[in-house]
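Written out below as structure tokens is the structure these notes cover.
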Amino acid sequence: MTTKNLEKIIKYLLYLLALTPLVITPFTIFPFVFGRGILIQLIIGIATIFYLVLVLSDKRYLSFKSNIIKIFFLFLLSLFISSLFGVDFNNSFWGSEQRFTGLFFLLHIFLFLIITSSILRTKKEWNRYFGFNVLISVVVFLIAILSLFGIKFWGVDLGMRISGSLGNPLFLASFFILNLGISAYLFGQVKNIKYKILWLCVFFILFYGVLLTQSRGALLGLITGLFFALIYYGIYLKNKKIRLIVIGFIISILVLGGSIYIFRDHGLIKKISFLRRFTTGSFTTVNTRFLSWQIAGKAIVERPILGWGVENFSIAFNKYYNPELLLFSYYETWFDKPHNKILEIGVDGGTIAIILYLALFAFAIKKISIYRRDGDLSLFSSAGLSGVLVAYFVQNLFVFDTSTSLLSFTLILALLVSIKEREKIIEVKKISLKYIIILGGILPVCFLNLLPLYASIKLRQNTSLYDINQKINIEGYKKAMQYFNPYKEEWRTDIAKTVISSIRQKNNIYSLEEQNYTLKELEKNVIEHKNDGYYHMLLGGFYAELANQSNYKDLAIKEFNRALELSPNRQHIYFNIGRMYSILGDREKIIETAQYTIDLQDDVSLSYWEGAKNLFILNSDDEKAFLWLIKSIELNYLPSDSQEFLFVFNKTIDYFLENKNYKVLSSMYSKMELIEPNNPIWYAQNATAFYILKNYTLAIAEIKKAIILDESYKKEGEAFIEIIKKEMSK
């Protein structure tokens, strides 16, 4: 084997790495993340072994002189030290199966930076590799737009928002933005007019792709980056006529953007889905993001120097949890990322890490200016690369990194490390036998990556995703747990939820032995992650279901108390405590617990519902429960479970009719329409409610539905429509 052979192998691996955005693994637990992350680690790990042998054989392949590499290394080192002194090193090192951005993965990204900047030595090699990456992004775009034609990927349906092989519009937008910048670089570098047209077309395709993701943060980043690129281009442009054209283009964009916003309520704007989304904010998303940013700020203040450790935001979030979050949705109360990269790094690694992260961007943009000045980059390419770095930075203020965005970003950094034309190494050396032995390192690399992948596949075969009511094959689960896998806590959580649900429903689908096994598994989470309040709460909830047996009540109280130490204001813990007292039949404790929960944030409907539900378990005619139930509905809560809703409907419908609360009545009738879609009475009742609420268009629509279902409603219904039309004409 020779050095030239090794170089070729590494290049093949780099090209294979460029294909990973296309990877989806439906046979694993997180099909859009885990399999791709494992494959990226595996390819980089194998490439590292070959690269190590190559460098030992010929040190000319070593590239450590760049400030970008040094800053990246210091950034990674600071995160490692922060994690070492953080609140959960195991979580920091491996990350989670769902996100796959722990220290171990970041180490592979750093190795990718070194290898790529060392192996790709000429502009021709870089242009080829960049071109291949960008064309892959076009393939990703083509896969993504299939969803607009009704072709979905494993149940991911986001309407007119595309997500494709990345499974999330935000992640896809980030990936497109980075490759959009690379296409701009290629346009400025190539001389052939055919290639210029190709890369220009790719640029607009990916720009359109960003619009189709309907990601507001990505669009803001893209616009900011575009403005930066245009201003950069205009400043250094010598041709005054073209400079005036650039200025005119900037003004045109400002006028167009301003016009779209001013006329955002116009019918044309509302008809175009991505314009409608960009000009109308989501109240829930905006509020929860601001609250999570406030929590992140408090977490940084507590640990300003070194932070909490990588991937430990959820622990900080629990500590400073704001009860107001539950006003918006249950889902928006569990954050593992603050959706702001600067704040995320601040929580993970403190101010030192923030400074190094900012320095990485500053040095990168400075390098681009130096290369432009020295003639290594065309003005257009330097403007494009600078603009994409700004765009990526700005959009990351509203989202977080993924494996694909980190690869693309690092690829741009690698270019800046090695953009100067270097001598292509022609001399071929034979590899010494003592170095070939190092290739045996490929085996542990495969072990570290393929075993967790295999374990995830085996687990997937025995579980039903997103359905806690379906029985898990416990024996199959046990076999999957025997394999090396650093992400077992997520598996334990999932199996615990389904067993707890089974115990609550008393469906007896799990034997006592299976319940005890699951309980022991969940106890391991608490031991391994003692600072995570969620695991203590979940374990307490499991004990609570068994509170009438042995000493489980005391164990539950112990876990709940620990959970409250770690997250004192989280209503969910009190919901579980209230559930325990309903099992024990202690009405006074239920009321005490529920009232405390309500006092945390007295306009949260779910707090009233949970208190009412726990009281109703003891007595279906409890007056306190009824009052809390009414309050929860007035605060816009209706149970999603059909059986629970029918209980609520029958319990409260007369009250709301007597009090003429037609807004609530309309919501309840609409829910009944979903439960009994062929019953015309609900459409007729809803029509009356809409009429009183002066929502005449919907009232007419409801009457027509009732008539379709039952002809006997026709005469009375048509007369009612005439009355409504007269009201509308006034």
W334 fails exactly one of (1) at pLDDT 95 or above; (2) surrounded by fewer than 17 Cβ atoms within 10 Å (Cβ to Cβ); (3) among the hydrophobic types (A, V, I, L, M, F, W, C), namely (1)
I'd like the full set of residues that are part of a helix (DSSP H, G or I) and out of contact with any helix residue (DSSP H, G or I) (no Cβ under 6 Å at 6 or more places or on another chain), limited to segment 53-68. K59, R60
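Among K671, K705, K715, which is the only one that is over 30 Å from E588 (Cα atoms) and over 43 Å from the mean Cα position of the chain (by Cα)?
When all the criteria are applied, what remains is K715.
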V347 - would you say it is modelled with pLDDT of 95 or more and not in a helix (DSSP H, G or I)? no
Exception for L170 within (1) without any contact (Cβ under 8 Å) to a residue 12 or more places away in the chain; (2) under 22 Å from the mean Cα position of the chain (by Cα); (3) closer than 25 Å to F112 by Cα falls at (1)
Working carefully through the options T28, T101, find the one that is more than 23 Å from L358 (Cβ to Cβ), touching a helix residue (DSSP H, G or I) at 6+ places or on another chain (Cβ under 8 Å) and among the hydroxyl-bearing types (S, T, Y). T28
Could you please tell me which pairs satisfy a Cβ distance under 8 Å, a separation of 6+ or placement on different chains, a first residue in segment 367-385 that is at negative phi and without any contact (Cβ under 8 Å) to a residue 24 or more places away in the chain, and a second residue that is in a helix (DSSP H, G or I) and surrounded by 15 or more Cβ atoms within 10 Å (Cβ to Cβ)? S369/S382; S369/S386
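The values are calculated or read from the model by the stated rules, or taken from the named source; none is laboratory data. Quantities reported herein were computed from a predicted structural model and do not represent experimental measurements. Because the Cβ atoms are built from the backbone with ideal geometry, glycine has one as well, and the counts that use them run over all protein chains shown.
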